[in-house]
Amino acid sequence: MNEDRLRTIVSQKIATSLGFYSGELSNHRKEGLKFYLGKPLGNEEEGQSQVVSQDILECVEAIMPSLMRVFTQGDSIVRFDPQQPEDVEYSEQASDYCNFIFHQDNNGYEILHTLFKDALISKNGFVKFYWHEDKAQQKEEYKNLNEEEYQALLYDNEIEITDTKINDEGLETQNYDVKVKRGKTLGRIKIENVAPEHMLVDRNATNIENATFIAQRIFKTRSELISMGYDRDIVDALPESHDEFYNDETAQRQSYDDSGFSLDNDVNDPSMTHVTITECYIKIDTDDDGIAELRKVTVAGNGYDSNQILSNEEVNVIPFATVTGVPMPHRFFGLSMYDLIGDIQTIKSTLLRQILNNTYLMNNSRLVVEENMVNIDDLLVSRAGGVIRSRKAGAVQPLTVPNFINEGLSMIKKIDEIRQARSGVSEVQMGLNADTINKSHTTAVSSNIMQQAGTQRIEMYARNFAEGVKQMFQGILSLVCLHQDKERIIRLRGKFINISPREWVDRYSARIQVGLGTGSQDSRLDVLTRVLNVQEKILKNGGMNIVNNQNIYNALERYLENAGIKDTSKFFNNPETSPPPPPKPRQPTAIDLAQAELKMNQEKDKVELAMKKQKLQQDAQFKAKDLELKEEKIASDIIRNEDLDTREKDKLVAQIFKNN
């Protein structure tokens, strides 16, 4: 298929799609937004009451708190169920990571709030999810690098060398001073709300999956398109767009807080003029094999013949999800609050105006006067305590105005009952009627029954919205498995976990996990308290193979989630992730005690034998030492006696020599 043929088909799909300008769908959404904002109805009369009832706003704002509590009371909105036994661990990781992407990488609360409010006001809410890569650059400087280090920088794909200085004076080998820019690409999944008036859908589609054509209108400046990599000559030749400004829905939305809405399109700076870009996802056979492929075709232009194809590529998934509160069978778009109670708001506004006009006339009624009997100038001046000059008593009489106030208020009450039946938003959501509360027979049980009955419709809205949220998370998982090829460390439940999507598959089926159980928050907490009490009693009896530590932790986790506490790890440790406790010491048996006693006696005998042996050795050493001392004494005595005999001999010889 050549480019001209493709451009013609895409242009025709755009022009005939639901949501195209000036269609009935667009007019319905514009009126719904106007009624929500409380804009004038268009039938106002000068000098009469122009009050506008805002029933649609009251119903939408009464529903939103319950919806947000249902979807945001826990950390996990969606869980993925494994399809094979080996998928259990990976499906748990995928569930945690996709919820982390939604809440941490993106503002999950704001996304859901905008998505649901769009659906309640404009039939369907839309959200887009896609893989986005950011390039971060950091300047670095290196000095005195040798040749090997310099070559390593040259081969680094993340580095761009901006300046090199070679130093070789007085050196045996040259070195380098280098300045570089280090770039790093970070890929993340982006989730964005899409205004309903920017979406185009195939007329025959009933959901996202079977849509052969779905597109998003985007308004970009020429500067943005050139920075995205498109050829400047092609961009400069594109026609200037005013669709964004002349779109009735966009004008209605922006005029709420900007009554001086300007159509100026930066004519003084051509690079800042806007161009209409339509990002189309179309199933079409471009390779003539008889099988239609899903392709992303991006075109620019305003009219049927002025569209210019900017890109054309094959894709695996349509990156959109939609929700609607009141689905219509076999149709893509559901019903909004305007479709349900738009006429109620018109009727109630008319009744309020009539009541106020009646009040004005009763407080400042018209007068019947006799001609030429009253000073007309005095009558024309309405002043408290003013004087009316009259020639005859009773010449001025007030014109009787029938009192319509009570009948009007009764009719408004009946209209409110019809509104409640259509929307499902009762006085329970807006605050119980004081008359109902003060009735003597109204007990806490009956009040709780009324409250539960009043939330059934809101729970139905939530279940319908859950299908679109599930579709969004299924798309997030597909994008993660397709694009993320690097490990990532994230913090979950107070611990850092290494996530590696390369080991996952996108066949896990999503299961919505939101607070859609029956009863109010208090009743659910009461049920969980009773469950915990029963578990405690069973566990005291050994568990009976039906209760273990993990079951109790699950009940505590659900209890805290219903109480509004998201991080359970601050209060309890998950037995699945906690290290196993050390084994309890085994109680010794009689044999163990006898063996221990025998071993102790043997050790005692060994000690006594060693002590006896040591004593014998000490005694032998003592005797040997004593014998040695005795021998030394005898030797000493002998030596001393020998010395004495020698001195005696010397003395005798000296005496002999003296006598001679």
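Tabulated data
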item	result
280, 481, reordered so the largest accessible area comes first (probe 1.4 Å)	481, 280
Accessible-area ranking of 465, 20, largest first, probe 1.4 Å	20, 465
Cross-link reach list, aspartates and glutamates versus residue 283, counting only Cα pairs under 15 Å and skipping chain neighbours closer than eight places	202, 209, 293, 313, 314
Mean-position separation - Cα centroids, segment 91-120 and segment 187-207, in angstrom	16
Within-13-Å neighbourhood charge of residue 203 [Cβ basis; K, R +1; D, E -1]	0
Under 18 Å from the Cα of residue 165 - aspartates and glutamates, other chains or at least 8 residues apart	140, 141, 147, 148, 149, 177
Pairwise FRET efficiency - residue 285 versus residue 533, Cβ, R0 = 56 Å, nearest 0.05	0.30
Amide N proximity, segment 471-488 versus residue 131 label position 7 Å along Cα-to-Cβ, cut-off under 11 Å	478-486
Amide H partners (placed H, <5 Å) of residue 307, local residues excluded	none
Chain lengthening between residue 613 and residue 600 when straightened (0.36 nm per residue, less Cα-Cα)	2.7 nm
Heavy-atom surface of segment 268-394, accessible at 1.4 Å and reported per residue (Å²)	56
Those aspartates and glutamates that a straight Cα-Cα span of less than 13 Å connects to residue 623, excepting residues fewer than 8 apart in one chain	631
In segment 111-202, chymotrypsin sites (Phe, Trp or Tyr not before Pro) in a DSSP loop with at most 13 other beta-carbon atoms within 10 Å	155
Subset of 39/348; 143/181; 190/486; 117/296 violating a 22 Å alpha-carbon distance limit	117/296
Cβ-based net charge around residue 175, under 9 Å, with every Lys or Arg adding one and every Asp or Glu removing one	-3
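The values are calculated or read from the model by the stated rules, or taken from the named source; none is laboratory data. This one's a predicted model, so the numbers in the text were calculated from it and none came from an experiment. No Cβ is skipped: glycine too gets one built from the backbone with ideal geometry, and neighbour counts run over all protein chains shown. Heavy atoms of the whole protein, side chains included, go into the accessibility calculation; ligands, DNA and RNA do not. Shrake-Rupley method; radii C 1.70, N 1.55, O 1.52, S 1.80 Å.
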